[in-house]
Amino acid sequence: MRTAIIDRKTKETDIHVELDLDGGETNVSTGIGFFDHMLTAFSVHGGFGLTVKTVGDLYVDCHHTVEDTGIVLGKAFGMALENKGGIKRFGSFYVPMDEALAFCSLDISGRPFLVFDAEFPEERIGTYDSCMTEEFMRAFAYNSGITLHLKSCYGKNSHHITEALYKALAHALKEAVQTTGNNKPLSTKGVL
């Protein structure tokens, strides 16, 4: 089973994540409406079963809640993939969202890295700070061991730009975690 359950509690956040790479129910609650919407879209478009229950210090702002959720979700992906054997490993996808177009390309390599190229016209989307999209993606990439490239090709609406980025990530991951029928990692080294 390609699943993981992780709990993480700090002085700033209390997070529970359940992940099934092969599908299942979606149940997301972070206290940030737009972030819930993004994680739900991520789950649905990736075909992942996902439960996220985050309680964070939202009286400060949304930073700890969003970043820490990225950390835990990233760890869950890493755990669910174990030795990364038997998967396609690479994924790329474009997502149009009205006037916005986003692109994601990734490598489940064990070598975490983030290249993030996006600007957001509006600073906030509800109670979600637009700049937190990059923080979430960094936390996710570094804790899952993924080389992640995300680019907003263009767009005029921060909601559309952000949603296109999350959906592009979901579709690229969906492609990369597809099984190949071979249990060995796709690497000339023999390991990842």
Subset of the stretch 2-48 that is out of contact with any Ser or Thr (no Cβ under 9 Å at 6 or more places or on another chain) and on the phi > 0 side of the Ramachandran plot - its residue that is surrounded by the fewest Cβ atoms within 10 Å (Cβ to Cβ): GLY23
Every pair of residues 6+ apart whose Cβ atoms lie under 9 Å, when the first sits in the stretch 170-188 and is touching a residue at least 24 places away in the same chain (Cβ under 8 Å) while the second is outside any loop (DSSP other than H, G, I, E, B) and of a type in the set (Asp, Glu): ALA176/ASP107
Qualifying residue in the stretch 72-89 (condition: among the small types (Gly, Ala, Ser) and not in a helix (DSSP H, G or I)): yes
Criterion violated by VAL191 - all others in (1) more than 20 Å from VAL17 (Cβ to Cβ); (2) in a strand (DSSP E or B) satisfied: (2)
Which numbered condition GLY91 fails, given (1) surrounded by fewer than 23 Cβ atoms within 10 Å (Cβ to Cβ); (2) out of contact with any Gly (no Cβ under 8 Å at 6 or more places or on another chain); (3) under 18 Å from TYR142 (Cα atoms): (1)
Scope the stretch 1-46; condition out of contact with any helix residue (DSSP H, G or I) (no Cβ under 7 Å at 6 or more places or on another chain), farther than 21 Å from CYS104 by Cβ and of a type in the set (A, V, I, L, M); matching residues: MET1, ILE5
Scope the stretch 93-114; condition more than 21 Å from THR188 (Cα to Cα) and either touching a residue at least 40 places away in the same chain (Cβ under 8 Å) or in a loop (DSSP other than H, G, I, E, B) (or both); matching residues: PHE93, TYR94, VAL95, PRO96, MET97, ASP98, GLU99, ALA100, LEU101, ALA102, PHE103, CYS104
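Pick out the one residue from THR40, THR65, THR54 that is polar (S, T, N, Q), part of a strand (DSSP E or B) and touching a residue at least 12 places away in the same chain (Cβ under 8 Å). Even if it seems obvious, please write down each step before you answer.
Values: THR40 fails: part of a strand (DSSP E or B); THR65 fails: part of a strand (DSSP E or B).
Just one listed residue meets the conditions, THR54.
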Any hit, the stretch 127-138, residues being under 15 Å from the mean Cα position of the chain (by Cα), part of a strand (DSSP E or B) and crowded, with 16+ Cβ neighbours inside 10 Å: no
Flag if TYR142 is modelled with pLDDT of 95 or more and either of a type in the set (A, V, I, L, M, F, W, C) or assigned to a helix (DSSP H, G or I) (or both): yes
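The values are calculated or read from the model by the stated rules, or taken from the named source; none is laboratory data. What you are looking at is a predicted structure, and each value in this text was computed from that prediction instead of being measured. Reconstructed Cβ throughout: ideal geometry from the backbone, glycine too, with neighbour counts over all protein chains shown.
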